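The values are calculated or read from the model by the stated rules, or taken from the named source; none is laboratory data. Predicted model, so just to flag it, every value in this text is computed and none were measured. Cβ: placed from backbone, ideal geometry, glycine included. Neighbour counts: every protein chain shown. Please note that ligands, DNA and RNA were not included when accessible areas were found on the heavy atoms of the full protein model with its side chains. Shrake-Rupley method; radii C 1.70, N 1.55, O 1.52, S 1.80 Å.
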Amino acid sequence: MLELDHVIKRFGGLPAVDDLSFSVRTGEILGVIGPNGAGKTTVIGIVGGALAPTSGVIRFQGRDITRLSPHQRAHLGIARTFQIAQPFAGLSVRENVIVGALFGGRAHGRAEAIRIADEVIERTQLTAKARFRGDELTIADRKRLEMARALALRPRLLLLDEVMAGLTPAEVEQAVQLIRDINQSGVIVVVIEHIMKAIRGVSDRVLVIHFGKRIAEGAPQQVLSDPKVIEAYLGERYARSGQEQVQLAPNVSDLTPTNREESDS
Ligand SMILES: Nc1ncnc2c1ncn2[C@@H]1O[C@H](COP(=O)(O)OP(=O)(O)OP(=O)(O)O)[C@@H](O)[C@H]1O
Ligand SMILES: [Mg+2]
């Protein structure tokens, strides 16, 4: 369904994405993890069309989409969220989501865009905030708005970049449930997240990248206890003994930031 074939992205010197190939199948939720700067957001930019790869091919539903614009990809059903939420500050939540519905051209006219917007606002629990302006929202609500705007595109492929960062554990549970529901309705989901509990709870398969390369891929439990993965997160000195690895695996989330909103800009 989605396939990246030997994708490289350079921003100058070292590649941010380095000869990366992977695919996501229909019906699947793929979790993508990796340390800060691993290239996760860059991958989403390349799939969503905001970034052109230096080389390599991206295919969606069997079609080469490497040179399509973000707007053309939205038409095909590819939607993404932004790690740093980017609502239109002067517009209300509802207006922001209506713009989302219109962007992909999947809503036929204003009335349908409004109907879709109200439906996804409810689904993302923003109904009480529908009149708030984008710049009046808390981080958690901005994350919800990012989800709502992406969902308003009626996507076939949803790319989520740390939509759970900054949420309380209860809100993370709700987000995991929402993502599962969306997936059940036939949407392929790619979830980037630093919260390991969420990754474990949501992913059918996990891909781990480090310095833009794949270092592990497989079932969540297996991948999260892989010494290579723990080493990438914690540094070599913590990953020497097998005993330590087993103990450290469940705690990886404790040692990684869960809300880096401030430090990210
Ligand atoms: N627009 C850009 N211009 C130059 N360098 C960039 C750009 N975007 C990303 N990079 C670099 O590419 C590398 C990968 O960045 P990316 O944002 O994809 O990492 P990430 O895995 O999403 O990290 P995080 O977990 O911190 O969000 C980093 O070294 C980053 O500094
Ligand atoms: Mg990122």
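Residue count for the range 10-29, restricted to those that are on the phi > 0 side of the Ramachandran plot and of a type in the set (Phe, Trp, Tyr): 0. The condition of being open to solvent by 10 Å² or more (accessible area, probe 1.4 Å) and not assigned by TED's automatic domain parsing to the domain that holds HIS71 holds for only one of ARG205, ARG149, ARG200, that being ARG149. Within the range 104-127, can one find any residue that is within 16 Å of ligand 2 (Cβ to nearest atom), over 30 Å from GLU3 (Cβ atoms) and not assigned by TED's automatic domain parsing to the domain that holds GLY27? No; the residues of the range 104-127 include none that is within 16 Å of ligand 2 (Cβ to nearest atom), over 30 Å from GLU3 (Cβ atoms) and not assigned by TED's automatic domain parsing to the domain that holds GLY27. Counting only residues that are within 16 Å of ligand 2 (Cβ to nearest atom), crowded, with 18+ Cβ neighbours inside 10 Å and closer than 28 Å to GLY186 by Cβ, the range 18-66 holds 16 of them.
Quick one: would you say ALA198 is within 16 Å of ligand 2 (Cβ to nearest atom) and free of Cβ contacts under 8 Å to residues at least 40 places away in the same chain? Before you say what the answer is, go through the steps one by one.
Working: within 16 Å of ligand 2 (Cβ to nearest atom): yes; free of Cβ contacts under 8 Å to residues at least 40 places away in the same chain: yes.
Spelling it out, ALA198 is indeed within 16 Å of ligand 2 (Cβ to nearest atom) and free of Cβ contacts under 8 Å to residues at least 40 places away in the same chain.
Whenever a residue of the range 9-30 is acidic (Asp, Glu), its partners that are within 15 Å of ligand 1 (Cβ to nearest atom), lying with C-beta atoms within less than 7 angstrom and at least six residues away or across chains, give the pairs ASP18/ILE8; ASP18/PHE211; ASP18/GLY212; ASP18/LYS213; ASP19/ILE8; ASP19/LYS213.
Within the range 106-116, identify whether any single residue is in a loop (DSSP other than H, G, I, E, B) and under 22 Å from the mean Cα position of the chain (by Cα), and answer yes or no.
Of all residues in the range 106-116, those in a loop (DSSP other than H, G, I, E, B) come to 106-109.
Filter once more, so that each one left must be under 22 Å from the mean Cα position of the chain (by Cα): 106.
There is at least one residue in the range 106-116 that is in a loop (DSSP other than H, G, I, E, B) and under 22 Å from the mean Cα position of the chain (by Cα).
Using the structure shown, decide if GLY12 is outside any strand (DSSP E or B), away from ligand 2 (no atom under 16 Å from the Cβ) and more than 29 Å from PRO227 (Cα to Cα). It is true that GLY12 is outside any strand (DSSP E or B), away from ligand 2 (no atom under 16 Å from the Cβ) and more than 29 Å from PRO227 (Cα to Cα).
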